[in-house]
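Novice: Mind having a look at this structure? Questions to follow.
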């Protein structure tokens, strides 16, 4: 049958099971938008293309499916860049479709022409420039396949305007995609398993480091079975939270810069680290030269380039994590590590009584209170989307995640402005779940225009602004490392309640701890998107903290007593 | 002892990779961008056709240690358009560079220049009253040697192709193997004694 390239875009998206596309129209993508009206895919009009990319990312992380963003050429395409880089760093499968000037105009510096395949080359898993209508379907099919297979990631397909409006023969080809140079299904050699098993059998102080790979591989059951049989305690990365239920007795909590003190100490004392689907990011290792000095290391990752990249390992196993654990577990005996686990319990000591319980409950509102209360009120079952900064770390510390894909956050790139649009995407990925955005007052303002998207698309999310009037994490670094010289971190904010109301949404404010429960309930019962302005302690810091590049167990701890700087009710 | 982290104490040495890539627009850019992004310094990069339509062959020389060389190989494989990569650094191979050297040679010095070329088995491919163009093929060492002795005559211009490499013997890598095992050759865990 005859179809234009634009129609083929939607034919392919339909067959790939796409339910929703996040985008923003413009000149070079107009033929595709015109064709859209004849296809049953929902389109969400964003207020900025960066929002579209983050929405596709949030959708992908919430649903496990490929998210799709669409934009026009030039500025439309370049506005996607931050969102694409975010997805790349956190291995999130998205496909971005951009319009391009007509193929005859390429290279002429035409209106709204940007070399977007060149711009996005280092921040995509792969990208395509399509200049002929007959190439649209193969490029898009390959894009979806590459985005979701192996180590997932973003793929961009740039389609010239003439390729969109030209007609060609279209027959759907549902044979498996064949890319001769792309082999995502790498398998480890059998001897690697034997060496790994040998190290595990002989370890006395082993520790599992579980990361995002557990979630993306869908290996939660395998991890749980592995932990049950081997009785090896587990530390999680930020993106690994939820990979093992927070309530599991062997789940020690988060590692790294703002991880639990006993977790970081345990890593430094361990004699074996089993890194499952994590990549030894500098935020989890601290000083590499002194990292886990007593430990042998086994690293399981689907990406061979990650093995020995930051940390030299003794055994590297390349493959899908779930499949690897299924192969590894039968060759391991049931084990116990009582002395080691007891030792870690001792390390917890007083710090197991969480900081939050030491905070004065003088009516003052602390971010930790807000997040802890939110966790209790939602029964720990909400899908939380966080931005980047102090609130992100407090969420990771105080909201206990029992399920995978219940925390969506920008880990690798640390993209402020991620939360609100990502939550809009997550809303579509998981329509039944309660969605909460936890965001700082700084990051919220980066993409707050998407409030209009919430209104226009009539979607329900709850937005908790942890408002301390500062770019809090930067302020914290200035406090610790720059002699309290607060350069460009104090914020004069808009009235977030009025801002919500201006968008036709509900805005609420909380200034005292005893208001939290009631206002959160009010937000949950509101049928539309609600913004809550939580006026929290202004100069609170995230503890413990490993300074960047310091030894992992050299942590700054919370001072006692706490100095309060906010005037409550101001 | 457990393995140590951080920068490898091993010295960087030139590693030679042979890569078969799809002959598509932008592939050279993808390869070059990979080296730039990961801060691997390219000493030399050559591209040319193979006897199979649609497949090009690259020879890439980069100054890295052995572990980094493994990650260079793995990173090249991650590029969708790269079909096959071989690190031939430690495989017996023929390695060749080609140089064209325009050297000053007047009636007085021409005989001497020709004599030097003869010793190096370089060919004279152009003769003008004031200059010769000399073609030499060989290892980088050999070319450097010739340059050294020609320099006193006055080198006017030079162009070099960079290294091309081919392993010795009947073995040839297929363009497109069905499966490349995910080998991590640098694992040398000494297992604890039982």
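The values are calculated or read from the model by the stated rules, or taken from the named source; none is laboratory data. Model, not experiment: these values are computed from the prediction. All Cβ positions, even for glycine, are placed from backbone atoms using ideal geometry, and neighbour counts span all protein chains on display.
Table: residues versus (1) at pLDDT 90 or above; (2) more than 14 Å from chain A (Cβ to nearest Cβ); (3) farther than 22 Å from residue B:92 by Cβ; (4) in contact with a helix residue (DSSP H, G or I) (Cβ under 9 Å, 6 or more places away or on another chain).
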{"position": "B:136", "(1), (2), (3), (4)": "yes, yes, yes, yes"}
{"position": "B:154", "(1), (2), (3), (4)": "yes, yes, yes, no"}
{"position": "B:167", "(1), (2), (3), (4)": "yes, yes, no, no"}
{"position": "B:179", "(1), (2), (3), (4)": "no, no, yes, no"}
{"position": "B:183", "(1), (2), (3), (4)": "no, no, no, yes"}
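Novice: Do you know which residues across region B:77-101 are surrounded by 18 or more Cβ atoms within 10 Å (Cβ to Cβ), farther than 30 Å from residue A:147 by Cβ and free of Cβ contacts under 8 Å to residues at least 60 places away in the same chain?
Specialist: Within region B:77-101, B:101 is the sole residue that qualifies.
Novice: May I pose another question? Could you check region A:252-290 and list, in sequence order, the residues that are facing another protein chain (nearest Cβ under 9 Å), part of a loop (DSSP other than H, G, I, E, B) and surrounded by fewer than 24 Cβ atoms within 10 Å (Cβ to Cβ)?
Specialist: Answer for region A:252-290, where residues must be facing another protein chain (nearest Cβ under 9 Å), part of a loop (DSSP other than H, G, I, E, B) and surrounded by fewer than 24 Cβ atoms within 10 Å (Cβ to Cβ): A:271, A:287.
Novice: Using the structure shown, decide if residue A:209 is buried (at least 21 other Cβ atoms within 10 Å of the Cβ), away from every other protein chain (no Cβ under 12 Å), closer than 22 Å to residue B:30 by Cα and touching a strand residue (DSSP E or B) at 6+ places or on another chain (Cβ under 7 Å).
Specialist: Values: buried (at least 21 other Cβ atoms within 10 Å of the Cβ): yes; away from every other protein chain (no Cβ under 12 Å): yes; closer than 22 Å to residue B:30 by Cα: no; touching a strand residue (DSSP E or B) at 6+ places or on another chain (Cβ under 7 Å): yes.
No, not satisfied.
Novice: So, in region A:184-198, how many residues would count as being over 15 Å from residue A:151 (Cβ atoms), in contact (Cβ under 8 Å) with a residue 24 or more places away in the chain and more than 7 Å from chain B (Cβ to nearest Cβ)?
Specialist: 5
One line per residue, one yes/no per condition, for (1) at pLDDT below 95; (2) not assigned by TED's automatic domain parsing to the domain that holds residue B:151:
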{"residue": "B:30", "(1), (2)": "no, yes"}
{"residue": "B:50", "(1), (2)": "yes, yes"}
{"residue": "B:73", "(1), (2)": "yes, yes"}
{"residue": "B:99", "(1), (2)": "no, no"}
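Novice: So residue A:504 ticks every box in (1) farther than 24 Å from residue A:426 by Cβ; (2) assigned to a loop (DSSP other than H, G, I, E, B) but one. Which box is left unticked?
Specialist: (1)
Novice: Moving on to the next point. Scan region A:426-435 residue by residue and report those that are in contact with a strand residue (DSSP E or B) (Cβ under 8 Å, 6 or more places away or on another chain) and in a loop (DSSP other than H, G, I, E, B). Walk me through how you get there before you give the answer.
Specialist: Of the residues in region A:426-435, the ones in contact with a strand residue (DSSP E or B) (Cβ under 8 Å, 6 or more places away or on another chain) are A:426-430, A:433-435.
The answer is A:430, A:433, A:434.
Novice: Go through region A:337-425 and tell me which helices (runs of 4 or more DSSP H), entirely inside it, have 2 or more residues that are modelled with pLDDT of 95 or more and in contact with a helix residue (DSSP H, G or I) (Cβ under 7 Å, 6 or more places away or on another chain).
Specialist: Numbers: elements: A:338-348, A:355-358, A:367-377, A:390-398.
Once the helices (runs of 4 or more DSSP H) in region A:337-425 are filtered for at least 2 residues that are modelled with pLDDT of 95 or more and in contact with a helix residue (DSSP H, G or I) (Cβ under 7 Å, 6 or more places away or on another chain), what remains is A:367-377, A:390-398.
Novice: Now for a separate question. Regarding residue B:116, is this residue more than 14 Å from chain A (Cβ to nearest Cβ) and assigned to a strand (DSSP E or B)?
Specialist: Details: more than 14 Å from chain A (Cβ to nearest Cβ): yes; assigned to a strand (DSSP E or B): no.
Answer is no for this residue.
Novice: While we're on this one: Checking residue B:24 against (1) surrounded by fewer than 15 Cβ atoms within 10 Å (Cβ to Cβ); (2) in a loop (DSSP other than H, G, I, E, B); (3) in contact with a strand residue (DSSP E or B) (Cβ under 8 Å, 6 or more places away or on another chain): exactly one of these is not met. Which one?
Specialist: (3)
Novice: So which of A:297, A:309 ends up being surrounded by fewer than 22 Cβ atoms within 10 Å (Cβ to Cβ) and either within 14 Å of chain B (Cβ to nearest Cβ) or more than 19 Å from residue A:412 (Cα to Cα) (or both)? If you could, list the steps in order and put the result at the bottom.
Specialist: Values: A:297 fails: surrounded by fewer than 22 Cβ atoms within 10 Å (Cβ to Cβ).
Sole residue among the options that is surrounded by fewer than 22 Cβ atoms within 10 Å (Cβ to Cβ) and either within 14 Å of chain B (Cβ to nearest Cβ) or more than 19 Å from residue A:412 (Cα to Cα) (or both): A:309.
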